[in-house]
Amino acid sequence: MRAPVRDWQAFTTPKPNGGAHMDLAVEGITCAACMSTIEHGLSGLPGVANARLNLTTHRLAVDWEPGRVDADAVVQRLEDLGYRAHPFDPARRTAEEAAEERGLYRAMGVAGFAAMNVMLLSVSVWAGNVTDIEPATRDLFHWISALISIPAVAYAGRPFFGSALRALRHFRTNMDVPISIGIWLTLGLSLFQTMRSAEHAYFDSVLMLLFFLLVGRTLDNGMRRRTRGVAENVAALRAITAVKCLPDGSLREVPLSRVDPGDLVLVRPGEHVSVDGVVKDGTSEIDQSLVTGETDLVATTPGDRVYAGTLNVSGSLKVQVTAATEGTLLEEVNRLLENAAQAKSRYMRLADCAARLYAPVVHSAAILTFLGWYLSGRLPGAEALIVAVSVLIITCPCALALAIPVVQVVASGLMFSKGVLIHSGDAIERLAAADTIVFDKTGTLTLAEPVLLDFATVDRTLLKRAGRLAGASHHPLGRALADVAHAEAPPDGAREIAGFGIEAEVDGRLERLGSAEFCGVDQTVVDDLLSRHPRASLVAYAPGDQAPVLFAFRQGLRVDAAVTCTRLKKMGYALEILSGDRVEAVSSVARELGIATWSAALRPADKIARLEALKAAGSRVLMVGDGLNDAPALAAAHVSLSPVTAVHLAQAAADAVFLGDRLAPVADALAIARRSHAAMIENLSISVVYNLIAVPIAIAGLVTPLLAALAMSGSSVIVTLNALRLKLK
């Protein structure tokens, strides 16, 4: 069936690089083979840059070049592969899952009820075969069993048969194909045995097989739903409307799409804040656990920032909007969680490769098993077919398909609960492998809100001019200067030079803000200021028409920086500081934190050179930084973390970001990554050992289709429970 005719272009979003992006919900996905088919099928389209399918949510993210392919072509390719798609809508997906779950329960009920009735008849046949049952009576019981089994299998097997039929119609296979073949072969063989008045039929086995397969799929769906609960809880915080304060003083509830930066919105007590913004009027207490990880309520007054998804507890607030539908912290949290679930690690790619090899291998094994037993004369055709059916079912690689994704989703949820948001699927593996941690100082080990020293003696005019230029900076000291100066909009054409500062032409003169060297400050002036404030960080300003001036800031360490560094050293990590700040400021912080190895006054190239030296020495480096000058180093490190206060370029270069004012999420992320990496290895080992044991036993004819179904479902449940075990530590 073709997808409904719709303007798919309306559901695409542009990307900064000129590409296009679309999120689709895909129907009919049952296993890793489906994921592989879709991703490889779409990647073959000219112009498609990336196609990632989340097996848990059935969400497909596609990126492409608009000039070479369009949204209609992407959807058409999905149809050609045998999958229907519609725009991704979490509410619709939840409704579909609820309907799917109800269908599974109904199918399981029918299969179980039919199996119990057929089993009663089968017990009579088994007992009669060793006593004195009449052939006519046995045949009657078999025919009654057939009348019960055929409609029950046709109804209860629909979750498997529909998926298998769609796959075969498009000349491909998935895990439901061998399951369906096994069920129908066993049912057909039983009917053939009944027609020839044989002693044995297998209607009870096929119904019990179907029942346990449905139990396994229901458990599988339920566990997958549990693993993505964190992402759904975060999405539930997103409001769809806001109360807008109009210029005439009236209030109007409007969709978020009609709220723009600069608008004023009202947040009443008990409501979730719907936008990111700055409080302009009112006082309250805010539950900011989403942002800081702290459960204590935070007193909020005019001038404080609030974020979408946080809860306004006590008073009414008027908030000036900085971001509404796009660019909010809540949107970033959702995006990172989704990216983490969709991205693929090395182990996930290995599991995908094994899943693609599954179909030819398992079908070949089943055919060879049948031929081996039958041609050797060891078993008659009917019994040889039963053995082949057992091989088909027991080798289903459901456990292998779940082994890595379920760990990734659970680990992403655990890290989020500790204030860490993962960008990439293989970040967990690389975090687990890290043995050396390199910190930036400013905004990473220290808080991102420095205090201006000697404020009473600062020239207010120069402060205001410098603050205006600082408004274009993403450096923590630049932002602090802009805040204390109550800066106006930055001048047009201001540009940030990584590692140096900001420059712009203002009223015909070149102004600069940044390092003392960049702004041409005499060293004696620097030394004089540092003699009064030895631990200060300096920002220089060159007005263009006057002598340059210096602003001194003092930055406090993150409240748990010392405790976290001690914890990291106990975990076996080597610690180091690489900073662009002055020697005195860096040495003081290093001494206070007990970090013996540090370097100061570094440029971005110097940091990369040090990382390369550590890499050459065999170290796997975790880089933690936040500034524009840290972005190259973050990208160059083995793995990287950035605080949520970091500039966007640093966040984009990092593999994960952490929330709040504490440094503890860094240690928490490493601890979780180690445990998760161990769980991935355990799950892959369980899957491999299962197949090494189960397949030879099935080929040897020691397993019935019913036992094969139990083993296959049990292996899937075991790897999922092993992943969920991470939550217990």
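Quick note: the coordinates plus some simple rules give every number you see, no bench work behind them. These numbers come from a predicted model, not from an experiment. A quick note on method: Cβ atoms are made from the backbone with ideal geometry, for glycine too, and the neighbour counts reach across all protein chains shown.
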Would you kindly derive the ³J(HN,Hα) couplings of the range 688-696 from the backbone phi angles with the Karplus curve 6.51 cos²θ - 1.76 cosθ + 1.60 (θ = phi - 60°), listing them in order in whole Hz, with x for Gly and Pro? 5, 4, 4, 5, 5, 8, 6, 5, x
Pull up all non-local amide H partners of D560: gap of 5 or more, or a different chain, and H-to-H distance under 5 Å with H placed in the peptide plane. L663
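Working from the pairwise distances between different alpha carbons, so that the mean of 1/r is found and then inverted, what is the range 451-554's Kirkwood radius in Å? Let's see the in-between values first.
On the way: mean 1/r = 0.0746 Å⁻¹.
Result for the range 451-554 stands at 13.4 Å.
Stokes-Einstein D for the range 387-536 at 20 °C, 1.002 mPa s, Kirkwood Rh over Cα pairs, in µm²/s?
Values: Rh = 20.2 Å.
Once the numbers are plugged in, D ends up at 106 µm²/s.
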Given the peptides 568-577, 110-119, arrange them by the average over their residues of other C-beta atoms within 10 Å, most packed first. 110-119, 568-577
Could you state the number of Å between the C-alpha centres of the range 679-729 and the range 365-382? 26 Å
How do V125, V410 rank when sorted from fewest to most other Cβ atoms within 10 Å of their own Cβ? V125, V410
Return the distance in nm (one decimal) between the two label points of a simple spin-label model at I144 and L724, each offset 7 Å from Cα along Cα→Cβ. 4.0 nm
Using 7 Å Cα-to-Cβ label points, what is the S376/R509 separation (nm, one decimal)? 9.6 nm
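If each residue's Cβ is checked for other Cβ atoms within 10 Å, how do Y307, Y541, Y155 rank with the fewest at the top?
Working: Y307 21, Y541 26, Y155 13.
If I rank by nearby Cβ atoms, fewest first, I get Y155, Y307, Y541.
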Roughly what would the spin-label model give for E134 and D522, points 7 Å off Cα along C-beta, in nm? 12.4 nm
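Tally Lys/Arg at +1 and Asp/Glu at -1 over every other residue whose Cβ is under 15 Å from the Cβ of D507; what's the total? Could you put the intermediate results ahead of the total?
Numbers: positive: K464, R465, R468, R509, R512; negative: E488, D492, E503, E505, E511, D545.
Residues close to D507 contribute a combined charge of -1.
Could you give the Stokes-Einstein D for the range 8-88 in µm² per second, using the C-alpha Kirkwood radius, 10 °C, 1.306 mPa s?
Numbers: Rh = 12.4 Å.
Rounded to a whole number, D works out at 128 µm²/s.
Relative contact order for the range 64-206: what is it in percent, counting Cα pairs under 8 Å that are at least 6 residues apart?
On the way: 98 pairs, mean separation 32.8, N = 143.
For the range 64-206, the relative contact order is 23 percent.
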Return D454, D276 ranked ascending by Cβ neighbour count within 10 Å, so the fewest neighbours appear first. D454, D276
So the compactness index of the range 98-155, its C-alpha Rg divided by 2.2 N^0.38 Å, takes the value 1.42
Apply the Karplus curve 6.51 cos²θ - 1.76 cosθ + 1.60, θ = phi - 60°, to the phi angles in the range 185-190 and return the couplings in whole Hz, x for Gly and Pro. 5, 5, 5, x, 5, 5
What FRET efficiency would be calculated for the residue pair R591, H40, taking the C-beta separation as r and a Förster radius of 41 Å, to the nearest 0.05? 0.15
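Mind checking the full-extension length gain between A605 and R258? Use 0.36 nm per residue of separation minus the Cα-Cα distance, one decimal, nm. Spell out each step's value before the answer.
Values: separation 347, 0.36 × 347 = 124.92 nm, distance 4.44 nm.
120.5 nm is the gain from fully extending A605 to R258.
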³J(HN,Hα) computed for each position of the range 256-266 - Karplus, 6.51 cos²θ - 1.76 cosθ + 1.60, integer Hz, glycine/proline x: 4, 5, 9, 10, 10, x, x, 5, 10, 10, 9
For E383 and K615, what is the calculated FRET efficiency with R₀ set at 56 Å and r taken between the beta-carbons, to the nearest 0.05? 0.40
Checking the table K441/K607; K244/K280; K570/K607 against a 21 Å threshold on Cα-Cα, which pairs fail? K570/K607
Let's test the formula: R0 of 45 Å, r as the Cβ-Cβ distance of I697 and E65. What FRET efficiency results, to the nearest 0.05? 0.30
